[in-house]
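Coordinate-derived values only; no laboratory data. Every value quoted in this text rests on a predicted model; they were computed, and no experiment measured them. As a convention, Cβ positions derive from the backbone with ideal geometry for all residues, glycine included, and neighbour counts pool all protein chains shown.
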Amino acid sequence: MDNTTWQGMLKLLRPKQWVKNIFVLAPLVFAGQFRDPAAVRQAALATALFCIAASAVYIVNDLHDVGRDRLHPLKCKSRPLAAGVVSPRAALLLLGGLYGLLFAGWWLAPAVVYVTVAYLLLNVAYTFVLKQQPVVDIFVIAVGFVLRVYAGAIALAAPLSNWMFITSLCLALYLAAIKRRQELLQTGTEGRAVLEKYSVALVNRYAEMSATGALVFYSLFVVTSRPEMVITIPLVLFGLFRYWYVVEVLEGGESPSDVLFADGQLLLTVVAWVGLCVWVLW
């Protein structure tokens, strides 16, 4: 394969999207186990397995949507399969390799692999059926983030806090609603068939409700379980405000990972929040 094909194969994995898998590390921080080298190794392994699973999901989705992507003004150039840079056969071989790595991971962390399999099955259902169902599609995306948090807890043999579960769900629903909002504004209903069943006003209300829920439940978690972390609440509030500013004024938000890397203030806020959490819980 030439250099262009190799670059296309790497792009097919969407490594920039792996930043979403930092959700796997949340239990490591909030359980206070980040000082234990063994726990750090297990959390890192769980994160790596989810990166592999996420890349497999992207390939399945791209194979399924290749015809529609070729008609899309942006995806026809950005997606390697739609652009003809990578052949479907090469994509299938890469997909098989990723599944092989997940199978090998079973010997190291079987419980985590079970969660990743559930994630894979959920996303297969999403790709072929659920992505066409309004509201359901947003919740499926959000559940994927909750499964990441659950995988992190399973890796450490730590119970998943009810507060962490509901806060993660609300935050993920916020990001998913914003994603749909920006798709509607930037590409209309051509990008996804399900967008015909939404309106900008509707997904705005979804986003506002979810952001409020995330802030309220996070604050309740801090006040009731980790009062020493109360100084992190202003950072969370600022992060939600800044993200909405980037969406509303700078017209970002279709890809949360792109927004994170493109906006210095938002990235600094996330880094400061993580650093402050670790410092407080040390």
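Side notes on the structure shown:
- Rel. contact order, % - alpha carbon contacts under 8 angstrom, at least six apart, the range 109-182: 36
- Debye log10 I(q)/I(0) for the range 161-282, one point scatterer per Cα, at q = 0.20 Å⁻¹: -1.12
- Working from label points 7 Å from Cα in the Cα-to-Cβ sense, the residue 117 to residue 193 distance is 3.0 nm.
- Sorting 161-170, 61-70, 102-111 by their mean Cβ neighbour count within 10 Å, with the most densely packed peptide first, gives 161-170, 61-70, 102-111.
- Evaluated at q = 0.13, 0.15 Å⁻¹, the base-10 log of the normalised Debye intensity for the chain, with identical point scatterers placed on the Cα atoms, takes the values -0.94, -1.26.
- Applying the Kirkwood pairwise sum to the alpha-carbon positions of the range 36-156 produces a hydrodynamic radius of 15.4 angstrom.
- Cα centroid separation, the range 1-40 to the range 152-188 (Å): 17
- Label sites at residue 83 and residue 68, each approximated as a point 7 angstrom past Cα along Cα to Cβ, lie 2.1 nm apart.
- With the charge dipole of the chain set up from +1 on Lys and Arg Cβ and -1 on Asp and Glu Cβ about the Cα centre, the Cα lying farthest toward the positive end among the listed residues 13, 255, 164 is that of 13.
- Taking every C-alpha pair closer than 8 Å and separated by at least 6 residues, the mean separation divided by the residue count of the range 29-134 gives a relative contact order of 33 percent.
- Spin-label pair residue 244/residue 6, simplified geometry with 7 Å Cα→Cβ offset, distance in nm: 4.7
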